[in-house]
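Below you'll find the structure, written out as structure tokens, and then a few comments.
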Amino acid sequence: MQTVFSGLSPLIMEDVVDEGERIVVRARTPLDTAVCPVCGASSGRVHGYHWRTVADVPVDGRRVVVRVRVRRLLCPTRGCRHTFREQVPGVLERYQRRTARLTRQVKAVVKELAGRAGSRLLAILAVGLSRHTALRTLLRIPLPTGRVPRVIGVDDFALRRRHRYATVVIDAETHERIDVLPDRTADTLEAWLRGHPGIEVVCRDGSATYAEAIRRALPDAVQVGDRWHLWKNLCEAALSEVKAHSTCWATVLDAPIYDGPRAQTTLERWHQVHGLLDQGVGLLECARRLQLALNTVKRYARADRPERMLRVPKYRASLVDPHREHLRKRRSEDPGVPVQHLFEEIKTLGFTGCLNLLHKYINQGRADSDRSHISPRRLARMLLTRPDNLKPEQHELLAKLTAACPEMTQLASGIRDFAPLLTPHTDNADALTHWIAQVRTADLPHLHAFTRGLDRDIDAVIAGLTLPYSNGPTEGVNTKTKRIARQMHGRAGFTLLRHRILLG
């Protein structure tokens with residue numbers, strides 16, 4: 001019995017009753033003196049008794065109820081309260097209906113599972129607890145209060161995507177969560193930073209809002225841009241360049257260059273946009289006259305040649321593909337053969353598609369040429385992959401494609417020169433300046449836009465490339481935050497979500 005109920009050792013157990021679904025333990029407090037909670041005086045004079053009924057950790061899958069006789073003692077100090085109830089530290093807590101060790105177990109469960117899920121698991125463990133009590137228990141867990149860190153990381157996460165966002169602040173050195181702010185405005189972050197002096201370094205992404213808040217609140221603090229976001233932005237610019245020059249490098253693959261109605265419409269729009277721009281018409285007015293979106297007009301305006309707006313067609317596998325050779329043979333023998341006849345022929349060969357699918361397949365030119373075996377995204381991925389991780393055939397294909405297009409050669413060189421800068425080093429500041437100047441001499445407009453973004457935040461970018469700090473730990477906390485939000489099906493209010501984030 002002493003082993004099973006070792007957590008009740010400060011009490012004197014008098015009886016244990018097996019009632020089937022539950023076990024009832026009757027106990028009393030020892031006859032030692034107790035300390036008055038107001039004046040601190042010791043007393044052993046008994047004024048009376050009362051019974052406390054609390055739940056304890058289950059035994060053998062059954063609930064355990066402890067009925068404890070607690071003394072009410074007289075305080076010897078004149079002017080103090082007349083009587084007080086004795087407490088049993090480590091076993092019984094004030095205003096609680098559970099023992100301290102059961103409370104610890106309940107807190108561990110609700111800390112991980114919160115309300116409904118925590119209540120269901122506790123019911124399996126023979127601890128009856130409603131979801132509302134589980135949430136109240138969770139919110140009573142005290143939040144950690146640590147020192148103000150020297151280096152912090154800030155990032156935003158969505159409370160409701162595209163509508164409401166919050167900001168998480170962590171210690172960038174120990175990865176501990178410091179605080180969660182209710183929005184991502186500059187004023188909120190500025191007020192928090194002013195209330196926490198002593199911060200020397202702030203790691204962030206490319207957010208101009210956070211940059212402004214840090215400049216206003218901590219003008220002497222070092223802002224560190226995140227290297228991962230720099231590489232991500234370069235990847236997006238590289239993909240845009242590969243797409244823009246797809247009509248150039250795709251000729252090496254003998255891929256079909258789509259010259260159908262869509263291509264003609266693209267070329268006509270390019271001439272219309274540049275015709276208006278040459279007359280001095282603004283971008284917004286061009287969009288109104290041509291009835292196009294402003295971003296579409298901007299894309300056409302950035303292209304200095306109409307061919308850069310054409311794209312190599314990307315086709316998915318089709319039901320007609322297994323019959324391509326038959327179609328080629330028949331169309332070479334009889335160029336005027338009706339599509340209806342071809343449809344009936346391949347139908348007998350096992351084709352299960354419809355006539356419209358065959359019409360579309362032939363009109364796109366796919367029956368007369370091979371499907372391109374590399375997409376712009378795949379080529380961009382090869383350009384951005386570490387050369388040591390590429391297979392020999394990928395090296396050969398990449399060299400072949402970049403050699404066919406001067407812009408692709410310049411792009412590959414720019415990526416190779418930028419990648420080493422992501423390893424922090426004191427010499428990276430000069431290397432970055434040289435890289436920006438070199439890229440601007442190349443005919444790569446999307447990379448030019450990337451360099452303009454670097455210039456707008458050049459101090460933070462240089463700090464990110466020269467200092468060992470990163471915003472990666474903050475991104476990791478955001479990943480865990482998304483897991484917590486999904487676990488609660490997006491129904492958690494900010495107070496509850498903040499509590500769970502800070503508890504880790």
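Laboratory data are not the source of any read-out in this text; all were calculated from the coordinates shown. Treat the numbers as computed from the prediction; the structure is a model and nothing was measured. Cβ: placed from backbone, ideal geometry, glycine included. Neighbour counts: every protein chain shown.
With a/c under 1.5 counting as rounded, go ahead and sort segment 277-417 into rounded, prolate or oblate using the C-alpha gyration tensor (a ≥ b ≥ c being the square roots of the eigenvalues; past the cut-off, prolate if a/b is larger than b/c, else oblate).
Oblate.
Excluding residues on the same chain fewer than 8 positions from Lys482, give the lysines whose Cα lies under 29 Å from its Cα.
Lys107, Lys111, Lys232
Hey, which lysines would be in cross-link range of Lys329, C-alpha to C-alpha under 25 Å, not counting anything within fewer than 8 residues on its own chain?
Qualifying lysines at Cα under 25 Å: Lys314, Lys347, Lys360.
Using helices alone, I'd like the mean residue ellipticity at 222 nm for the chain: each DSSP H run of four-plus residues gives -39500 (n - 2.57), total over residue count, nearest 500.
So the calculated ellipticity at 222 nm is -14000 deg cm²/dmol.
Dipole of segment 125-164 (Lys/Arg Cβ +1, Asp/Glu Cβ -1, origin at the Cα centre): which of Thr133, Leu159, Pro144 lies farthest to the positive side?
Leu159
If I stretch the segment between Glu393 and Lys298 completely, what's the gain in nm (0.36 nm per residue apart, minus their alpha carbon distance), one decimal?
30.4 nm
Stretched out fully, how many nm does the piece from Lys480 to Ser9 gain, at 0.36 nm a residue minus the Cα gap?
165.6 nm
Once label points are set 7 Å from the Cα along Cα→Cβ at both Thr145 and Asn356, what is their separation, rounded to one decimal in nm?
Here the modelled spin labels are 6.9 nm apart.
Can you give the charge dipole size of segment 151-192 about its Cα centre, rounded to the nearest 20 debye, using +1 on the beta carbon of Lys and Arg and -1 on the beta carbon of Asp and Glu?
So the magnitude is around 440 debye.
Evaluate the distance, in nm, between pseudo-label points positioned 7 Å from the Cα of Ala403 and of Arg162 along their respective Cα→Cβ axes.
Distance between label points: 4.6 nm.
Which of rounded, prolate, oblate describes segment 1-86, given a ≥ b ≥ c as roots of the alpha-carbon gyration tensor eigenvalues and a/c under 1.5 marking rounded, otherwise prolate only if a/b is larger than b/c?
Here segment 1-86 falls in the prolate category.
Let me know the charge dipole size of segment 6-97 about its Cα centre in debye, to the nearest 20, where only the beta-carbon of Lys, Arg (+1) and Asp, Glu (-1) is charged.
580
If I compute semi-axes √(5λ) of the Cα gyration tensor in Å from the structure I just sent, which labelled value in [x] 40, 34, 27; [y] 69, 34, 20; [z] 44, 37, 19 lines up?
Recomputing semi-axes √(5λ) of the Cα gyration tensor in Å here picks out [y].
Which of the listed residues, Gly280, Ala217, Leu294, is farthest toward the dipole's positive end in the chain, when Lys, Arg count +1 and Asp, Glu count -1 at the beta-carbon?
It is Ala217.
Mind jotting down the distance between the C-alpha centroids of segment 458-482 and segment 153-229, whole Å?
Centre-to-centre (Cα) distance: 11 Å.
Would you order Cys405, Cys39, Cys354 from fewest to most other beta-carbon atoms within 10 Å of each residue's own beta-carbon?
Cys354, Cys39, Cys405
Only bridges whose two residues both fall in the chain count here: according to DSSP, what percent of them are antiparallel, nearest 5?
That works out to approximately 70 percent antiparallel.
Please get the size of the charge dipole for the chain, origin at its Cα centre, with Cβ charges of +1 on Lys and Arg and -1 on Asp and Glu, quoted in debye to the nearest 20.
3040
Name the trypsin sites (Lys or Arg not before Pro) in segment 33-107 that are in a loop by DSSP and that have at most 16 other C-beta atoms within 10 Å, would you?
Arg45, Arg78, Arg81, Arg94, Arg97
Work out the charge dipole of the chain with +1 on the Cβ of Lys and Arg and -1 on the Cβ of Asp and Glu about the Cα centre, then indicate which of Thr77, Ala463, Val38 is farthest towards its positive end.
Farthest towards the positive end: Thr77.
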